[in-house]
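Visitor: Next up is a structure, given as structure tokens.
What follows is calculated from the coordinates using simple rules that are stated; it is not laboratory data. Given the structure is predicted, the values throughout are model-derived calculations rather than measurements. Backbone-built Cβ (ideal geometry, glycine too); neighbour counts: all protein chains shown.
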Amino acid sequence: MSEEQDGSLSVHSPHYLHPSENPAISLVSPLLDPKNYNSWSRSALTVLSGKNKVEFVDDFLPQPISNRRLYAAWKRANNMVVSWLVHSIATSIRQSILWMDNAVDTSAIGNILSFVCNIHKSEAVTWILDSGATDHVASSLTCYSTYREINPIVVRQPTGQQVIATHSRTVKFTEFLHLEDVLYLPSFNFNLISISKLVSALNCNLTFFPNSCLI
């Protein structure tokens with residue numbers, strides 16, 4: 001018989017909360033900041049797995065229907081996980097997730113992706129977030145994880161000069177963050193991330209800080 005049917009909670013259930021659990025603790029140290037996402041997410045996932053709560057952040061434990069007995073237990077455990085994650089994030093970016101109610105929305109393996117506004121794939125390559133660009137642009141084929149020839153596309157530079165893009169495809173920064181249909185323009189001296197295209201593709205919001213950006 002399932003928990004939903006008999007109303008009881010096994011200590012092995014992700015819904016179970018030990019009486020000693022504290023909502024005000026940080027899961028990992030150091031806290032998440034715009035430069036340590038990869039190591040932070042791995043550590044946070046390990047701790048949540050040890051607490052048998054990883055299902056709340058990987059979308060394998062959806063919210064039950066509110067009129068069922070299991071909903072109350074799910075809500076208590078979900079709120080505990082949300083609180084842990086909030087306390088595991090640097091105060092400079094914490095405000096961006098305080099309004100989120102579901103742990104899967106705030107999780108390290110969910111939709112939190114952070115990176116500095118100038119993303120460095122190597123010391124010689126800088127990526128700039130551009131609110132005016134309509135397309136992503138890369139100036140070197142070494143930036144791409146995959147690329148292919150395309151029908152020539154005319155691109156107007158900020159100076160008004162027109163150039164031709166002949167290649168496009170994918171630039172991958174992390175497992176969670178990659179850009180599609182990035183135009184190759186070797187005449188550019190920099191690489192652009194179109195904010196409008198990024199927001200549309202990821203269905204996300206961007207929050208800017210003096211030296212960082214939170215997706």
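Visitor: When you have a sec, figure out the Kirkwood radius of region 127-168 from all distinct Cα pair distances and drop it here in Å to one decimal?
Guide: Roughly 11.6 Å, rounded to one decimal.
Visitor: From the square roots a ≥ b ≥ c of the eigenvalues of the alpha-carbon gyration tensor of region 166-215, which class results: rounded (a/c under 1.5), prolate (a/b over b/c), or oblate?
Guide: It comes out prolate by the Cα gyration axes.
Visitor: First measure r as the distance between the Cβ atoms of ALA72 and GLN157, then evaluate 1/(1 + (r/R0)^6) with R0 = 45 Å and state the FRET efficiency to the nearest 0.05.
Guide: Efficiency at R0 = 45 Å is approximately 0.15.
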